1. Do any chymotrypsin sites (Phe, Trp or Tyr not before Pro) in the stretch 95-136 lie in a loop, going by DSSP, with at most 14 other beta-carbon atoms within 10 Å of their beta carbon, and if so which?
2. Taking amide H positions as placed 1.01 Å from N in the peptide plane, with prolines and chain starts having none, which residues 5 or more places from residue 217, or on another chain, fall under 5 Å of its amide H?
3. Using θ = phi - 60° and the Karplus curve 6.51 cos²θ - 1.76 cosθ + 1.60, what whole-Hz ³J(HN,Hα) does each residue of the stretch 67-76 get, with Gly and Pro shown as x?
4. Ignoring the sites themselves, what is the longest stretch of the chain with no trypsin sites (Lys or Arg not before Pro) in a DSSP loop and at most 15 other beta-carbon atoms within 10 Å?
5. What percentage of the solvent-accessible surface of the stretch 116-171, computed with a 1.4 Å probe over protein heavy atoms, is contributed by carbon and sulfur atoms?
6. Quick one: if you stick a label point 7 Å off each Cα along the C-beta vector at residue 175 and residue 138, how many nm between them?
7. Return the calculated 222 nm mean residue ellipticity for the chain, to the nearest 500 deg cm²/dmol, obtained by summing -39500 (n - 2.57) across DSSP H runs with n ≥ 4 and dividing by the residue count.
8. Over what distance in Å are the Cα centres of the stretch 1-52 and the stretch 76-153 separated?
Amino acid sequence: MKFFDEKTAVDLEFDQIRRWLSGFCITDTVADRLSTLHPYRDQKEVEYRLNLSHELQLIRNRGVRFPRMEFQELTKEIQLLNINASVLELEAIVKILDASRFVNELFAFFKEHYTDYLTLKTLLEGAHYTKDIEKEIDKILDKRLNVKDDASAELLRIRQGINSKKKQINRNFDKALKSARASGYIDDISENVIDNRRVMTVISTYKRQVEGSILGSSKTGSLTYIEPRVNQALNFELDQLIDDERKEIRKILAELTDFLRGYLDLISSYQNILCAFDEVNAKVKLA
């Protein structure tokens with residue numbers, strides 16, 4: 001295969017094999033790699049690659065329980081972790097969490113089957129089993145993968161303030177709406193939401209009879225959307241609290257990012273492992 005070129009690939013329909021393989025990939029990195037795949041020249045390399053696919057196919061054929069191939073690669077996350085003072089977004093942290101869990105599940109699998117699938121086990125070289133990343137992220141995220149209220153004392157205080165303000169705003173709104181409806185000022189569709197604020201849908205003829213700020217109107221102009229005056233200051237305070245919440249969450253994610261930056265080498269090995277198993281899995285699917 002010394003003179004294997006693209007014309008040879010087309011003549012042998014090897015280019016079709018590449019397209020099939022790429023179509024079975026989860027990650028873009030592996031799909032791109034396999035799209036330019038060439039036959040291996042070293043016999044030991046060929047045997048090693050075949051053994052990888054053979055062992056994973058044995059696992060599938062035997063019905064052995066194996067970690068689910070559901071993950072996203074960490075290319076962008078690793079790039080950001082290499083930049084000092086960068087902050088990972090929530091989605092990126094969840095991807096690292098999933099990768100850590102997947103690799104830990106692989107270690108657990110090969111520990112249970114420690115004399116089997118020895119070739120596949122070599123793909124874990126460069127990584128090690130640890131719950132440190134999961135535990136640290138679990139302190140911050142709940143089961144729905146949202147930032148916990150008690151991720152920090154300050155966030156808890158802010159969110160309690162938000163909930164209190166929302167309850168007060170809703171009570172005031174319901175009271176104002178009831179009064180305006182009793183006066184016949186309200187349309188059949190009694191309320192709407194503009195800029196995340198509850199507004200009363202007032203028949204425009206009566207808009208000057210209703211105390212509050214006009215935030216908009218219907219296309220025909222027959223309806224006017226009014227924020228009750230009693231809620232104006234409260235909504236401003238709520239907006240401030242929501243901004244405080246955003247800033248505090250970013251601070252929490254920044255601290256978590258700094259922690260993860262200390263595990264950059266391990267996270268980089270996660271990326272290599274994800275791609276390695278993605279490649280073998282694509283070949284097994286094609287087989």
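1. On the way: sites: 102, 107, 109, 110, 114, 117, 129; in loops: 114, 117, 129.
The qualifying sites are 114, 129.
2. Close amide H contacts, sequence-distant or interchain: 225.
3. x, 5, 7, 10, 7, 10, 5, 10, 4, 5
4. Numbers: sites that count: 2, 41, 65, 68, 131, 143, 144, 219.
Between exposed loop sites, the widest span is 145-218.
5. Numbers: 1590 of 3540 Å².
Heavy-atom surface of the stretch 116-171 belonging to carbon and sulfur, 1.4 Å probe: 45 percent.
6. Distance between label points: 4.6 nm.
7. Values: 11 runs with 169 residues, N = 287.
It lands at -19500 deg cm²/dmol.
8. Computed from Cα coordinates, the inter-centre distance equals 30 Å.
The values are calculated or read from the model by the stated rules, or taken from the named source; none is laboratory data. Keep in mind that what you see is a predicted model, and the values were worked out from it rather than measured. In this analysis, Cβ positions are derived from the backbone assuming ideal geometry, glycine residues included, and neighbour counts consider all displayed protein chains. Remember, those area values only see protein heavy atoms, side chains included, never the ligands or the DNA or RNA. Shrake-Rupley method; radii C 1.70, N 1.55, O 1.52, S 1.80 Å.
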